[in-house]
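Asker: Supplied in C-alpha cells, the structure appears directly below.
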Amino acid sequence: MKLVLRQLPRTIRGTSRLPFLAQDAADALVAIEKDTDGLIYTDMWRDPTMSLLSRRMKKTSQLPGYSPHNFGLAVDIDVKAILEEKKIRYEDLLRIMKKRGWICFRRDGLEGPDYDHFNFLGEFSAKYLTRCTLDPTTWGNAAEYFIWEHFGKELQLETRDVQLRLTALRFYTGPITGMKDLYTREAILAFQRAWDLIQSGSPDMTTCRVLAFVTAERELSPAPAWA
Ligand SMILES: [Zn+2]
C-alpha cells in the first residue's frame, strides 16, 4: 500500500501537528481556504503513532489504519472559533465545506460530539452517504466505504505478507513460509502488544489492517511553492 500525501500551505491556521492530506482532499481544502479567508484546524493527518496518542486522549479514536485521518481524508476544525470569527452559523459552515466535498461526520446537522470532524468524500459524496442514516452507529460508514473502495484490497494480507512485513519491522526473522507456525504466532503477538491490539496471535482482519497501514509506503510532498 502506498499513501501519497501533500503538505498544506504554511498559511493554514490551527494546532494540527501533521498538516498533510491526500491530493484531492488537499486541493479541495485549499479551495475552502480561498472561499473563507481561512479556517482553523485542530487535527489533520494521523500517522500510526498519532493514532495511538489520540486513543490515549480520547477513547473513541480509532486504531491506526481505521480512521479517515490516517489516509489524509479528514480534518477536525475549531468550530466555535470559526463561527465567532466569520460571524456565520454552523449550518453555513456545513454548506461551505460540503460544496468542496468535505462532509461532516454527523448526519443530523446538530452541534454535538464529533460535529468538528469532516471527511473528504469528493464530488461523489452522495454515493458514500447512502450508507448512513440518522442512526449515529451508521455515521462512520461513508468514510469507511470510501477508504475500502480506494485501499480495501491492500488492507487485507495473506500470512506470507504478514511474515514479510513483520520481518521489515524486525519482529520476525524466520523463513517466509506462509504457514501460521508457533514462531510466526509469537511475532504476531509481539506486534499486537506494540499496537494495543487484541492479543490473538493470529493474523485476524484487524491485525492485518493495522499492519498494512503501519508498514505502508509513504510519499509526503512538501507544500507547493505558491503557498
Ligand atoms: Zn476527526
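The values are calculated or read from the model by the stated rules, or taken from the named source; none is laboratory data. Fair warning: this is a prediction, and the values are worked out from it, not measured in the lab. Positions of Cβ are generated from backbone atoms using ideal geometry, with glycine treated the same way; all protein chains shown enter the neighbour counts. With ligands, DNA and RNA removed, areas are computed over all heavy atoms of the protein, side chains included. Shrake-Rupley method; radii C 1.70, N 1.55, O 1.52, S 1.80 Å.
Asker: So Gln62 fits all but one of (1) at pLDDT 95 or above; (2) within 14 Å of the ligand (Cβ to nearest atom); what number is the exception?
Answerer: In the conditions (1) at pLDDT 95 or above; (2) within 14 Å of the ligand (Cβ to nearest atom), Gln62 misses (1) alone.
Asker: Give me the residue from the range 67-88 that is in contact with a helix residue (DSSP H, G or I) (Cβ under 7 Å, 6 or more places away or on another chain) and open to solvent by 20 Å² or more (accessible area, probe 1.4 Å) and, out of that set, nearest to the ligand (Cβ to nearest atom).
Answerer: Selected residue: Leu83.
Asker: Can you pull out the residues in the range 1-52 that are open to solvent by 40 Å² or more (accessible area, probe 1.4 Å) and touching a Ser or Thr at 6+ places or on another chain (Cβ under 9 Å)?
Answerer: Val4, Gly14, Thr15, Gln23, Thr42
Asker: Quick check on Ala142: is it open to solvent by less than 30 Å² (accessible area, probe 1.4 Å) and either among the aromatic types (Phe, Trp, Tyr) or within 17 Å of Leu73 (Cα to Cα) (or both)?
Answerer: Yes.
Asker: Kindly check whether there is at least one residue in the range 36-44 that is aliphatic (A, V, I, L, M) and assigned to a strand (DSSP E or B).
Answerer: Yes, some residue in the range 36-44 is aliphatic (A, V, I, L, M) and assigned to a strand (DSSP E or B).
Asker: Condition first: within 12 Å of the ligand (Cβ to nearest atom) and of a type in the set (Lys, Arg). Now tell me which residues in the range 32-59 satisfy that.
Answerer: Arg46, Lys58
Asker: Given (1) at pLDDT below 95; (2) open to solvent by less than 10 Å² (accessible area, probe 1.4 Å), where does Trp102 come up short, assuming only one miss?
Answerer: Here Trp102 meets the rest and fails (1).
Asker: Please specify each residue of the range 58-108 satisfying the condition of being among the acidic types (Asp, Glu), farther than 18 Å from Trp139 by Cα and touching a residue at least 24 places away in the same chain (Cβ under 8 Å).
Answerer: Those that are among the acidic types (Asp, Glu), farther than 18 Å from Trp139 by Cα and touching a residue at least 24 places away in the same chain (Cβ under 8 Å): Asp78, Glu85.
Asker: Of all residues in the range 89-106, which are over 14 Å from Gly38 (Cα atoms) and either within 15 Å of the ligand (Cβ to nearest atom) or outside any loop (DSSP other than H, G, I, E, B) (or both)?
Answerer: Tyr90, Glu91, Asp92, Leu94, Arg95, Lys98, Lys99, Trp102, Ile103, Cys104, Phe105, Arg106 - these are the residues of the range 89-106 that are over 14 Å from Gly38 (Cα atoms) and either within 15 Å of the ligand (Cβ to nearest atom) or outside any loop (DSSP other than H, G, I, E, B) (or both).
Asker: Just to be sure I understand the filter: pairs with C-beta atoms under 8 Å, separated by 6 or more residues or on different chains, first member in the range 37-51 and over 10 Å from Gly14 (Cβ atoms), second member part of a strand (DSSP E or B). Which pairs pass?
Answerer: Trp45/Leu5; Trp45/Phe20; Trp45/Leu21
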